[in-house]
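For reference, the structure is listed below as structure tokens.
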Amino acid sequence: MIGRMNTSSERTRGVFGRFRRDPGGAAAVEFALIALPFFFLLMAMIETALATTAGVMLNNAVGSAARQVFIGAVQKSDMDAAGFRTMICDDISMLMSCERLSLDMRTYPAGTPIPNSVGLKDGSVDDARFCFDPGRQDTITVIRAYYEWPWATSMLNQMEEDTNGNLILGAMAAFMNEPFGGVASSKTTC
């Protein structure tokens, strides 16, 4: 019996040839090609939605705390900076850690420009000059809160290189305190 011996290259060609002709695995190959970009985009969308939700939560927490300052409840209870921080942290604790929160509350004379940006030092919020002053009645009070949201998705992390890969979420409330009497906080740090 005279026959042709199959060499290893012919066997390999035969296996790949059958694979190429068989359309049954095409979907698996196509999915493998698009799976990585698809899951990356999916994770980036989920993380962006979480960061947006965290920003809304921070804004709502600052607004709620601002109402307490506005009506004089903080001043009348002689609340200190730690108590005020706890008030805001209680509202954001579902998504955010209080350690990454920086707060600044101070009063400004009428007509004075109010800063709406934050300085950075070594990629983090520079809160060295932040202080706590809820003000007296009829004073303009500004509350600024900044939160350093850590990106988990590597591409989003690299986009925020001046902030150590963190997104800086900010919330601000500016208002004139109501005439609630001559009460002032004794715990002012400004």
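May I ask you to verify whether PHE84 is assigned to a loop (DSSP other than H, G, I, E, B) and either basic (Lys, Arg) or out of contact with any His (no Cβ under 7 Å at 6 or more places or on another chain) (or both)?
No, not satisfied.
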Of the residues in segment 115-151, those that are of a type outside the set (Asp, Glu) and at pLDDT below 85 number 10
Would you be able to tell me the number of residues in segment 163-188 that are under 12 Å from GLU148 (Cβ atoms) and exposed (fewer than 13 other Cβ atoms within 10 Å of the Cβ)?
-> 0
Do you know which of the residues in segment 84-100 that are out of contact with any Ser or Thr (no Cβ under 7 Å at 6 or more places or on another chain) and more than 20 Å from SER124 (Cβ to Cβ) is surrounded by the fewest Cβ atoms within 10 Å (Cβ to Cβ)?
-> MET94
ILE46 versus (1) surrounded by 13 or more Cβ atoms within 10 Å (Cβ to Cβ); (2) in a helix (DSSP H, G or I): which is the lone unmet condition?
-> (1)
May I ask you to list pairs of residues, at least six apart or on different chains, whose Cβ atoms are under 9 Å apart, with the first in segment 53-81 being within 23 Å of MET94 (Cα to Cα) and in contact (Cβ under 8 Å) with a residue 12 or more places away in the chain and the second being surrounded by fewer than 17 Cβ atoms within 10 Å (Cβ to Cβ) and of a type in the set (Gly, Ala, Ser)?
-> ALA66/ALA174; GLN68/SER77
Residue check for LEU103: in a loop (DSSP other than H, G, I, E, B) and touching a residue at least 12 places away in the same chain (Cβ under 8 Å) | no
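Tell me, please, whether a residue that is of a type in the set (Phe, Trp, Tyr) and within 13 Å of the chain's Cα centre (by Cα) can be found in segment 135-146.
yes
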Do we have GLU47 as under 28 Å from ARG100 (Cα atoms), out of contact with any Phe, Trp or Tyr (no Cβ under 6 Å at 6 or more places or on another chain) and of a type in the set (Asp, Glu) here?
-> yes
Kindly list the number of the only condition in (1) more than 18 Å from SER77 (Cα to Cα); (2) of a type in the set (A, V, I, L, M, F, W, C); (3) modelled with pLDDT of 80 or more; (4) out of contact with any Leu (no Cβ under 9 Å at 6 or more places or on another chain) that fails for PHE180.
-> (1)
Look at segment 120-138 and say how many of its residues are assigned to a loop (DSSP other than H, G, I, E, B) and surrounded by fewer than 17 Cβ atoms within 10 Å (Cβ to Cβ).
-> 9
Determine whether PRO113 is surrounded by fewer than 15 Cβ atoms within 10 Å (Cβ to Cβ), free of Cβ contacts under 8 Å to residues at least 24 places away in the same chain and either over 22 Å from the mean Cα position of the chain (by Cα) or closer than 23 Å to PHE180 by Cβ (or both).
-> yes
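The values are calculated or read from the model by the stated rules, or taken from the named source; none is laboratory data. Remember, it's a predicted structure, so these values are computed and weren't measured experimentally. Note that each Cβ is placed from the backbone with ideal geometry, even for glycine, and that neighbours are counted across all protein chains shown.
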